[in-house]
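The values are calculated or read from the model by the stated rules, or taken from the named source; none is laboratory data. Please read all numbers here as calculations on a predicted model, not as lab measurements. Note that we place each Cβ from the backbone using ideal geometry, even for glycine, and neighbour counts take in every protein chain shown.
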Amino acid sequence: MNMDTAAPTTRTTSRLGAKIGVVISVLVGAFLAVDAAGKLAGVSQVKEGTEALGFPADQALVMGVVLTVCVVAYAVPRTAVLGAVGITAYLGGAVTANMRVEAPLFSATLFAVYLGVLMWVGMVLRRPELLRVAGLAR
């Protein structure tokens with residue numbers, strides 16, 4: 001196989017992967033931004049859900065601020081990895097809160113895990129070098 005023809009195919013594939021990664025990242029970011037907006041706006045359903053998880057209703061505002069900071073960091077390319085780490089921690093708290101109230105495992109408790117994995121898939125498609133940092137590629 002001629003090496004000259006392999007390089008454009010690899011570049012085209014990586015560009016497509018990067019575009020898919022951006023789409024995934026935008027969808028995850030939009031979902032989290034809507035979640036943060038509901039918490040910041042003090043929507044009554046959000047406050048009720050917060051209380052159902054065992055937190056005081058006013059903690060929804062604090063959670064909204066934390067999530068907003070993480071989502072903004074995630075949206076800025078230079079700080080996207082830092083934002084993703086913050087979001088991962090936030091989602092870990094969501095898993096723990098749902099486990100504490102014995103929420104349904106696959107639909108409620110693990111939803112945050114699904115979202116976190118999707119977020120990291122988007123990040124890796126945008127920045128394949130993250131696989132090397134994690135020791136998953138050479």
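Filtering segment 67-126 down to residues that are among the small types (Gly, Ala, Ser) and in contact with a Leu (Cβ under 6 Å, 6 or more places away or on another chain), which residue is farthest from Ala18 (Cα to Cα)? That would be Ala97. If you go through segment 1-45 and keep only what is of a type in the set (Ser, Thr, Tyr), more than 21 Å from Phe111 (Cβ to Cβ) and at pLDDT 90 or above, you end up with just Ser44.
Would you please list the contacts, defined by Cβ atoms under 8 Å and residues six or more apart or on different chains, that run from a residue in segment 90-105 that is more than 11 Å from Leu53 (Cβ to Cβ) to a residue that is outside any helix (DSSP H, G or I)? So the pair list comes out as Val95/Leu110.
Residues of segment 106-138 being in contact with a Ser or Thr (Cβ under 6 Å, 6 or more places away or on another chain) and either without any contact (Cβ under 8 Å) to a residue 40 or more places away in the chain or charged (D, E, K, R) (or both), which ones?
Gly116
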